[in-house]
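Asks: First the structure, which I've put down as structure tokens, then a few questions once you've had a look.
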Amino acid sequence: MSKSLQAIRGMNDILPEQTPAWRYLENTFAHLLKGYGYKEIRVPVLEFTELFARGIGEGTDVVDKEMYTFLDRNGESLTLRPEGTAGTVRAVLEHGLAGGGQVQKLWYAGPMFRYEKPQKGRYRQFHQIGVEVFNLPGPDIDAELIALTWRLWQALGLADAVSLQLNSLGSSEARAAYREALVAYLKERYELLDEDSQRRLTSNPLRILDSKNAQTQALLADAPTLHDYLDEESRAHFDGLKARLDAVGIRYEINPRLVRGLDYYGRTVFEWVTDKLGAQGTVCAGGRYDGLVSQFGGKPTPGVGFAMGVERLVLLLETLQLLPAELSPAPHVYLCAFGEPAELAALALAERLRDQLPGLRLQVNAGAGSFKSQLKKADKSGALYALVLGEDELARQVVGCKPLRDQGEQQSIAWADLAERLAPCLEQA
Ligand code: HAM
């Protein structure tokens with residue numbers, strides 16, 4: 001196929017055999033969110049570039065290197081959303097959803113776009129399910145968010161496959177003081193830093209902490225740590241979070257080098273990671289962003305949230321073979337009809353059955369065909385029964401009911417009795 005007619009690199013079609021796993025994950029999570037009182041919000045995939053530049057921060061990889069940005073016909077700079085927090089905060093502010101200290105507990109799902117190097121678990125169009133909470137400053141809600149994700153891992157059977165990394169970034173003043181100390185320490189060792197970290201030393205020094213370079217990591221072993229600079233209030237907040245996680249029995253590892261790649265965070269940050277997916281092991285990440293709403297011009301409004309990578313979670317479920325077997329079940333019945341009069345009657349009969357037995361998975365043969373070919377299609381569909389309606393059945397107002405999965409005899413069933421006779425099918429998954 002010519003290149004222009006192929007999907008863009010790093011942007012995947014989610015094919016019919018994959019979508020049931022996606023739905024399973026989305027439905028499982030949506031169900032949990034409802035139980036915790038979260039409401040769905042949907043925001044556009046396109047926003048003014050400035051929203052992300054200001055929210056996520058100049059100097060971050062996302063803003064500097066990964067955004068899909070273009071001028072529209074009006075000459076305005078727009079960007080395909082690289083994440084969901086900035087747009088959600090904008091919408092909350094624009095519609096006054098958090099005005100007067102109103103608590104909002106929101107969730108969203110959808111595609112995000114980042115110009116990254118595509119590889120397993122890292123794509124240019126990927127999907128997140130995210131949660132954002134406004135106007136709750138305490139560690140209790142941070143703990144609830146983590147408990148919610150923990151419950152999801154349990155529901156999916158992933159509890160043993162993921163682990164929680166936790167850190168506190170402190171107040172912005174504490175971070176600034178720490179940044180200064182870190183830069184001073186690393187400047188003295190500038191020549192030993194990898195090229196990327198040398199560049200980050202001026203643009204975004206905290207990101208050097210999660211450099212993958214071994215020599216840089218070795219240098220960091222003796223560097224000052226963020227925790228030495230944590231302000232009292234942030235320390236108490238962090239202690240409050242840890243106490244709550246301990247109370248619900250959620251294990252975590254404190255990782256003082258966990259800084260996250262987006263600038264809006266302060267205090268709590270966390271990541272759920274797995275070692276089962278190779279390099280792209282973070283399946284869910286988030287933290288607190290108490291300064292973001294005011295940065296966008298609103299009143300100071302605490303915010304906290306997370307987002308999980310749907311592709312990575314589906315990959316993990318597939319890798320560990322944790323997807324339930326019957327995610328896209330076969331039809332219960334496949335209705336075959338021969339000749340136009342029987343086809344018309346079959347259609348009417350099928351619609352009546354759908355009224356009488358909601359939940360019945362009924363496939364009506366389309367495209368006519370001989371007796372043999374229709375029965376072959378019925379069998380291939382995986383249906384439990386083929387219903388057969390020919391001239392003779394039409395005259396007698398019955399259908400032939402042929403079991404396809406066991407040795408039972410074909411029976412004749414009157415149309416009037418069909419719903420009752422098929423009702424037990426509904427007990428099958
Ligand atoms: P993030 O860490 O940039 O945070 O992304 C969250 C998750 O999205 C990652 O942990 C990963 O699972 C998935 N993800 C990110 N980039 C890709 C990619 N290129 N391909 C596949 N999956 C990817 C955020 O986006 C924040 N908005 C999360 C948040 C919400 N913090 C507070 N509220």
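The values are calculated or read from the model by the stated rules, or taken from the named source; none is laboratory data. Because the structure is a prediction, the values reported are computed rather than measured. Here the Cβ positions follow ideal geometry from the backbone for every residue, glycine too, while neighbour counts run over all protein chains shown. When the accessible area is computed, the model is the full protein with side chains, heavy atoms only, and any ligands, DNA or RNA have been set aside. Shrake-Rupley method; radii C 1.70, N 1.55, O 1.52, S 1.80 Å.
Asks: Restricting to Cα atoms and excluding each atom paired with itself, what does the Kirkwood estimate give for region 282-355 in Å?
Replies: 18.2 Å is the Kirkwood radius here.
Asks: Right, something else. Would you mind counting up the charge near Y38? Only other residues with Cβ under 13 Å from its Cβ, with Lys and Arg at +1 and Asp and Glu at -1.
Replies: Result for the local shell: +1.
Asks: Once you place label points 7 Å from the Cα toward the Cβ at E180 and K376, how far apart are they in nm?
Replies: For E180 paired with K376, the spin-label model returns 8.1 nm.
Asks: Can I ask one more? If you take the beta carbon distance between E326 and L192 as r and set R0 to 41 Å, what does 1/(1 + (r/R0)^6) give as a FRET efficiency, to the nearest 0.05?
Replies: Result of the calculation: an efficiency of 0.15.
Asks: Project the alpha carbons of region 277-428 onto their principal axes and report the range along each, largest first, in whole Å.
Replies: Cα spread of region 277-428 along its principal axes, largest to smallest: 76, 38, 29 Å.
Asks: I would also like to ask the following. In percent, how large is the relative contact order of region 104-192, given Cα pairs closer than 8 Å and 6 or more residues apart?
Replies: The normalised contact order for region 104-192 reaches 19 percent.
Asks: Which entries in K34/K402; K39/K65; K117/K276; K212/K299 show an alpha-carbon gap greater than 31 Å?
Replies: K34/K402; K39/K65; K212/K299
Asks: With a 1.4 Å probe and all protein chains left in place, how much of the accessible area of region 135-290 comes from carbon and sulfur atoms, in whole percent?
Replies: Here carbon and sulfur together make up 47 percent of the probe-accessible area.
Asks: What accessible area, in Å² to the nearest ten, does a 1.4 Å probe give for R260?
Replies: Number for this one is 30 Å².
Asks: So between A155 and Q18, what do we pick up on full extension, going 0.36 nm a residue minus the alpha carbon distance?
Replies: Stretched out fully, the A155 to Q18 stretch lengthens by 47.4 nm.
Asks: Sorted by accessible area with a 1.4 angstrom probe, largest first, how do K402, K242, K299 fall?
Replies: The ranking, largest first, comes out as K299, K402, K242.
Asks: With N residues in the chain, what two-decimal value do you get for its Cα radius of gyration over 2.2 N^0.38 Å?
Replies: Taking the Cα Rg and dividing by 2.2 N^0.38 Å, one obtains 1.28.
Asks: A further question follows. Given all pairs of different Cα atoms, what value in angstroms does the Kirkwood hydrodynamic radius of region 125-278 take?
Replies: Roughly 17.0 Å, rounded to one decimal.
Asks: Measuring with a 1.4 Å probe in the full set of protein chains, what accessible area per residue, in whole Å², belongs to the chain?
Replies: Per residue, the chain has an accessible area of 50 Å².
Asks: Rounded to the nearest 0.05, what FRET efficiency do A243 and T202 have when you use their Cβ-Cβ distance and R0 = 41 Å?
Replies: 0.60
Asks: For the chain, with a Gaussian network of springs between Cα atoms less than 10 Å apart, report the residue from S294, S168, S381 with the top mean-square fluctuation.
Replies: S381
Asks: Given Cα pairs under 8 Å that are at least 6 residues apart, what percent is the relative contact order of the chain?
Replies: Contact order relative to length: 15 percent.
Asks: Counting other Cβ atoms within 10 Å, which GluC sites (Glu not before Pro) in region 9-104 have at most 10 and lie in a DSSP loop?
Replies: Qualifying residues, ordered by number: E17.
Asks: Order R251, R73, R354, R405 by their accessible area, 1.4 angstrom probe, all chains in place, largest first.
Replies: Correct descending sequence by accessible area is R73, R251, R405, R354.
Asks: Please compute the alpha carbon radius of gyration of region 6-159, then divide it by the globular-protein estimate 2.2 N^0.38 Å. Two decimals is fine.
Replies: 1.14
Asks: Could you give the length gained by full extension between A221 and L5, i.e. 0.36 nm per residue of separation minus their alpha carbon distance, to one decimal place?
Replies: 72.8 nm
Asks: Carbon and sulfur atoms: what percent of the 1.4 Å accessible area of region 340-407 do they account for?
Replies: On region 340-407, the fraction of accessible area on carbon and sulfur atoms equals 52 percent.
Asks: Cα-Cα pairs above 16 Å in region 265-307: how many percent?
Replies: Within region 265-307, distances greater than 16 Å cover 48 percent of Cα pairs.
Asks: With an 8 Å cut-off on Cα pairs and a minimum separation of 6 or more residues, tell me the relative contact order of region 211-310 in percent.
Replies: Relative contact order for region 211-310 comes out at 17 percent.
Asks: One quarter of the convex hull surface, Cα atoms only: what value does that give for region 346-429 in nm²?
Replies: Taking the Cα atoms of region 346-429, their convex hull projects to 5.5 nm² on average.
Asks: Take the Cβ-Cβ distance between E409 and K34 as r, set R0 to 45 Å, and report the resulting FRET efficiency rounded to the nearest 0.05.
Replies: Plugging the Cβ-Cβ distance into 1/(1 + (r/R0)^6) gives 0.45.
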